[in-house]
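Below: the structure, in structure tokens.
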Amino acid sequence: MGYKVFGDTIVMRIDPGAEILKTVTECCEKENITGAYITGVGATGYCRIAAGDELKGEYCSSEYNEKMEIIHLTGDVTVVNEKPSVHIHVTLAGRGGVEVHGGHLEEGVIFSNCEIIITKIPGAVLKKRPYPEFHNWMLLDF
């Protein structure tokens, strides 16, 4: 991983074989980021994404063990239990762009490249679990 800080913006390169969430989280911890917007593009060699029904607490994960383009990556950094928490959604294109898949990123290993831009938000953005019936559902707390 390499990155450069430009004021409130971090431009990051994630190396082949590195895991996206782990790498972004490490950068956020090192730079003490407590609130941010994330965007990026790249290519994965392995990716696990999920989507589901929050009311039922059911999530379905899909795994892709092939080279896929990250045509859109977006997310945020908030604080959970006093630590940076990275939440990312991705849209992936495989098989020549004919198949498109998207959802909540659970794990993603970089195939060849990934560029991430982290835009800091002044202050801390907290998440909390206000409704136990929503299982892992978390809301921003301002």
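Read the figures in this text as sums done on the coordinates, not as results from a lab. Everything quoted here is computed from the prediction, not taken from an experiment. Cβ placement follows ideal geometry from the backbone for every residue including glycine, while neighbour counts extend to all protein chains displayed.
With labels modelled as points extended 7 Å from the Cα through the Cβ direction, what inter-label distance (nm, one decimal) is found for LYS22 paired with THR9?
Here the modelled spin labels are 2.9 nm apart.
Quick one: which of LYS56/LYS120; LYS4/LYS83; LYS30/LYS67; LYS83/LYS120 span more than 25 angstrom between C-alpha atoms?
LYS56/LYS120; LYS30/LYS67
Could you rank the peptides 74-83, 37-46 by their average count of other C-beta atoms within 10 Å per residue, with the highest value first?
Highest mean packing first, the order is 37-46, 74-83.
I want to make sure I understand the PRE zone here: with the label point 7 angstrom from the Cα of LYS67 toward its beta carbon, which residues in segment 1-28 have backbone N atoms less than 17 Å away?
Only 15-18 pass the distance filter.
Out of (1) 99; (2) 125; (3) 109, which label holds the value of volume of the Cα convex hull per residue in Å³ that was computed here?
After the calculation, the listed value that fits is (1).
What nm distance separates the two modelled labels at TYR59 and SER112, each placed 7 Å from Cα along Cα→Cβ?
Inter-label distance under the simple model: 3.0 nm.
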